[in-house]
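Have a look at the structure below, then the notes.
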Protein chains: 2
Amino acid sequence: MVEAPTAESIRAAIREGRHTGLTETVGQEWAQGGPLFVPREYAYDVLLYSVRNPAALPLLDVLDPGAWTTELAPGADVRTDVPLYEVWADGQKIAEVTDLRPLWRGDLVTFVMGTSHILAMGLKEAGVAETTVDNPRPAIYRTALPTRAAGRLSGPLCVTVKFARPDEVAIIQRVSATLPAGHGAPVHAGDPAAIGVEGDAPVFGYPLDVPEGTVPVFWACSYSLLAALRAAKIPWFACHAPGRMLVTDLPWHAYRNG
Amino acid sequence: MVEAPTAESIRAAIREGRHTGLTETVGQEWAQGGPLFVPREYAYDVLLYSVRNPAALPLLDVLDPGAWTTELAPGADVRTDVPLYEVWADGQKIAEVTDLRPLWRGDLVTFVMGTSHILAMGLKEAGVAETTVDNPRPAIYRTALPTRAAGRLSGPLCVTVKFARPDEVAIIQRVSATLPAGHGAPVHAGDPAAIGVEGDAPVFGYPLDVPEGTVPVFWACSYSLLAALRAAKIPWFACHAPGRMLVTDLPWHAYRNG
């Protein structure tokens, strides 16, 4: 008999290099968080930017400078338990690593952001995720909407998209509004041009191709912060690679609000 | 014919010294926020302490260093539009002033916290506020529950209390959970000793005297932060005096979540 994996066993597999891919394919029932690592000097700007843009940047935890343990997963080490990390310097990606420990510094502050995995699980439970809302062409687009600036951080709001049957839009809006940790209610549903999305120029992933008979629904995305950090040419920061998240010990529905 | 006051006209009356008392007696329909002013050096600790203790410290706005205008009330000046401010140095109250401008510094960061006024309005609308829940003996008590520390800030959670008819407790819990900006769901309902409340030693206001046939209901209170700032002997900070808040331009129900 095969025992069901635990969050801890999934993190161990990641830590030991036995799972290197997307985390959404494992540990679906747990909330998955996206870690970001910035020097203390920039932590106030990141924290305030998150507070001012909560839909894009739902904070699950903020660690003390130098700390690598989180209440979200008491046995975890945020420096090793994510399948892949990106390291950025002066606006350029300089490395992809599976272990942040060799690069660790005592002044690094870890932010763990909520992710759209929580949203996807809520929509699945509501019965809409197995239809068109399961976007097989993940992508992130820049909008013409500004974020609220904080210190050195500013820039446009970036969004993700899912495609809904017209009769599903209302339930998608209602369900996602109860999941602030999963980016909450959509920013927009309908014509991409209304929020300035240029679908042929994604900042990540596929060009926008709205399936016939569906409505594109857009959510604020934490990529907004990464873009702002890059634009500000912060000397050094690290983050999880796309789709490679920290599997926490908390069930995703612990973040359901209402 | 007397015109109904606007939020702006109430703030003007406060600014010009024509209203000096509690703000809950005027401008009830607007969300009222509690400003706190700390030097930039302590702003990260305060911001993180708020994020880590959101029930006690619901952030409505955080201004840039030196700024005195807020999106919550575009015409307002947070230095003059509160009836009374307290100034604290090294853990001691050194002054009460009606105008912060003579003490203003370019490095001061203003935090505007949600207040129990928003909670009171929600409960009133739900039909329970006109009964025993309207506590005529306001007070703040220390609990045995810890807050989550942040940098130099730590200490016990402080709470306010209202008294509910037993059949009202469920609706009070349900309604207040939809009002995170008003401190959200109660921390506890029932025996004060269960959360370590020593009712004869309030940190503010009246000793606890639970009316016959009622259940005491406790909410996290922003006094927790003031106590932590005083305990840390922060060299200088200022805050609104109890019950003297900033009347914003937003209706209280703009903060209803669900």
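Laboratory data are not the source of any read-out in this text; all were calculated from the coordinates shown. Being a predicted model, the structure only gives us computed values, none of them experimental. Using ideal geometry, Cβ is built from the backbone for each residue, glycine included, and neighbour counts are taken over all protein chains shown.
Values for this structure:
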read-out: Neighbour-count ranking [beta-carbon atoms within 10 angstrom, fewest first] of A:45, B:107; value: B:107, A:45
read-out: Efficiency of FRET from Cβ geometry, residue B:200 and residue A:29, R₀ 51 Å, rounded to 0.05; value: 0.60
read-out: Charge-dipole axis of the stretch B:113-248 as Lys and Arg at +1 and Asp and Glu at -1 on Cβ define it, positive-most pick from B:199, B:181, B:215; value: B:181
read-out: Dipole-positive endmost among B:155, B:100, B:56 within chain B (Cβ charges, Cα centre); value: B:155
read-out: Unit charges on C-beta of K, R, D, E only; dipole of the stretch B:77-202, Debye; value: 300
read-out: Most mobile of B:190, B:243, B:122 in a GNM of chain B (Cα contacts under 10 Å); value: B:190
read-out: Around residue B:7: net Lys/Arg minus Asp/Glu count, Cβ-Cβ under 11 Å; value: -3
read-out: Contour excess over end-to-end distance, with Cα ends at residue B:191 and residue B:69 and 0.36 nm allotted per residue; value: 39.6 nm
read-out: Sites residue A:170 and residue B:40, calculated FRET efficiency, Cβ-Cβ separation with R0 30 Å, nearest 0.05; value: 0.10
read-out: Options B:140, B:251, B:4, ranked by Cα towards positive dipole end of chain B, top entry (Cβ charges); value: B:140
read-out: Where GluC sites (Glu not before Pro) fall in DSSP loop in the stretch B:37-143, at most 16 other Cβ within 10 Å; value: B:71, B:130
read-out: Mean Cα-pair separation over length for chain B, i.e. relative contact order, pairs under 8 Å, 6 or more apart, %; value: 31
read-out: Prolate/oblate/rounded call for chain B, Cα gyration tensor, a/c under 1.5 rounded; value: oblate
read-out: Calculated Rg and Dmax of the protein assembly as shown using C-alpha coordinates, Å; value: 23.9, 81
read-out: Estimated dipole of the stretch A:7-96 in Debye, rounded to 20 [Cβ of Lys and Arg +1, of Asp and Glu -1, Cα centre]; value: 80
read-out: Qualifying trypsin sites (Lys or Arg not before Pro) for the stretch A:194-258 [loop in DSSP, other Cβ within 10 Å: at most 14]; value: A:233
read-out: Inter-label distance, nm, simple model (7 Å from Cα along the C-beta direction), residue A:148/residue B:231; value: 2.9
read-out: Extended-chain gain in nm, criterion 0.36 nm per residue less alpha-carbon gap, residue A:8 and residue A:254; value: 86.8 nm
read-out: Gain on full stretching of the segment that runs from residue A:104 to residue A:241 - 0.36 nm per residue minus C-alpha separation; value: 47.6 nm
read-out: Computed magnitude of the charge dipole of the protein assembly as shown (debye, nearest 20; Cβ of K, R +1, Cβ of D, E -1); value: 860
read-out: Cα-based reach from residue A:124 at 18 Å (exclusive), listing lysines while leaving out same-chain residues under 8 positions away; value: A:162
read-out: Estimated distance in nm for a label pair at residue A:177 and residue A:134, the labels positioned 7 Å out from Cα along Cα-to-Cβ; value: 2.7
